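The values are calculated or read from the model by the stated rules, or taken from the named source; none is laboratory data. Predicted, not measured: the structure shown is a model, and the values here were computed from it. We place every Cβ from the backbone using ideal geometry, glycine too, and count neighbours over all the protein chains shown. Just so you know, the surface numbers come from the protein's heavy atoms only, side chains and all, with ligands and any DNA or RNA stripped out. Shrake-Rupley method; radii C 1.70, N 1.55, O 1.52, S 1.80 Å.
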Amino acid sequence: MQSLKEVTKQENLNLDLDKSYQEALKDHDFFLLVKRLQLPEKNAKKLTSKLQDTILEKRNCQNCKGFFMCKNAYEGHRLIPEQKEGRIYFSYEPCKYKQSVLELVRLQNKKVRMKDIDTSDKNQLKVIKWLDNFYGSFSLVEPMKGLYLHGSFGSGKTFLTSALLNELALTKNVDVEIVYFPNALRTLKEDWENFASLMHRYQTVDILLIDDIGAEKVTDWGRDEILGTILQSRMEAQKTTFFTSNLTIAELEEHLSLSSNSVDKVKARRIIERIKQLAMPMALVSENRRK
């Protein structure tokens, strides 16, 4: 049973939340956002500060002329709220300037080799050692588990894994495919003429890197029909698979749960179990190397 002091504290907290919420509603953009998300007032009050952040970051982007002006929490990204079955999920979406940089980075990563890896960053040594051991022992005859490399924006995850895969392709004649997952989903959805051949490629290539998993907008189709099918095929064929992500395995599971219902949670868990069968999770703690 709550004490009188605890009840008073809760009442004061509720009053503060209500005051902040009523003040925020004076902002027309905030009012429209709450209306669009179809948020009950009780839930909106608890998320007032976070929702105000999304409004602020949207305005920052509207007036931005490039990275040198970025004022958002994560450089080149904007906080986006989405409503799924009464719950609000927040994710980061790259801006047009960030998209250009990411595309440039992906083009550069197609050319990197293991000799290009900077070994002076001690935070990367564990990952570099793993990649070096993988390269030295890799054989197409013997199935090998890949890596689920997760870490912060710009820490070098894609660079390191691309360097390994490029080296294997050039020196050991290994067939590799590096797929930026958000773009891959978009292509598969729009290019039905090549859908079957692309899916076959992703399911059968010797080594597949699914880059930036967790950055995509989750749908039943993308999660179950595309990602689930690719992972199941590669798991059954014992094909080596790599992943890079800004999310830990636990965070990815939450991301893949479209809602809080038990069916979605089971489907998300099924994807995670396939990833664990295919790859070993490892964290990359490093500064933003793209700076």
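Odds and ends about this structure:
- Residue count, the range 208-220 (criterion: more than 15 Å from Arg186 (Cβ to Cβ) and buried (at least 20 other Cβ atoms within 10 Å of the Cβ)): 3
- When Ser197, Ser162 are screened for being under 30 Å from Phe67 (Cβ atoms), free of Cβ contacts under 8 Å to residues at least 60 places away in the same chain and out of contact with any Phe, Trp or Tyr (no Cβ under 9 Å at 6 or more places or on another chain), only Ser162 passes.
- Meets criteria (more than 30 Å from Val176 (Cα to Cα), in contact (Cβ under 8 Å) with a residue 40 or more places away in the chain, open to solvent by 40 Å² or more (accessible area, probe 1.4 Å) and among the basic types (Lys, Arg)) for Arg87: yes
- Any hit, the range 211-234, residues being assigned to a helix (DSSP H, G or I), under 30 Å from Leu125 (Cβ atoms) and not basic (Lys, Arg): yes
- Criterion violated by Ser49 - all others in (1) of a type outside the set (A, V, I, L, M); (2) out of contact with any Pro (no Cβ under 7 Å at 6 or more places or on another chain); (3) under 30 Å from Ala283 (Cβ atoms); (4) part of a strand (DSSP E or B) satisfied: (4)
- Every test in (1) at pLDDT 80 or above; (2) open to solvent by 70 Å² or more (accessible area, probe 1.4 Å) is passed by Ile80 save one, and that test is (2).
- The residues in the range 221-268 that are touching a residue at least 12 places away in the same chain (Cβ under 8 Å), within 16 Å of Lys145 (Cα to Cα) and open to solvent by 50 Å² or more (accessible area, probe 1.4 Å) can be counted, and the count is 5.
- Matching residues, the range 59-73, being open to solvent by less than 100 Å² (accessible area, probe 1.4 Å) and not in a loop (DSSP other than H, G, I, E, B): Arg59, Asn60, Cys61, Phe67, Met69
- Search result, residues across the range 130-156 that are within 27 Å of the chain's Cα centre (by Cα) and free of Cβ contacts under 8 Å to residues at least 40 places away in the same chain: Leu131, Asp132, Asn133, Phe134, Tyr135
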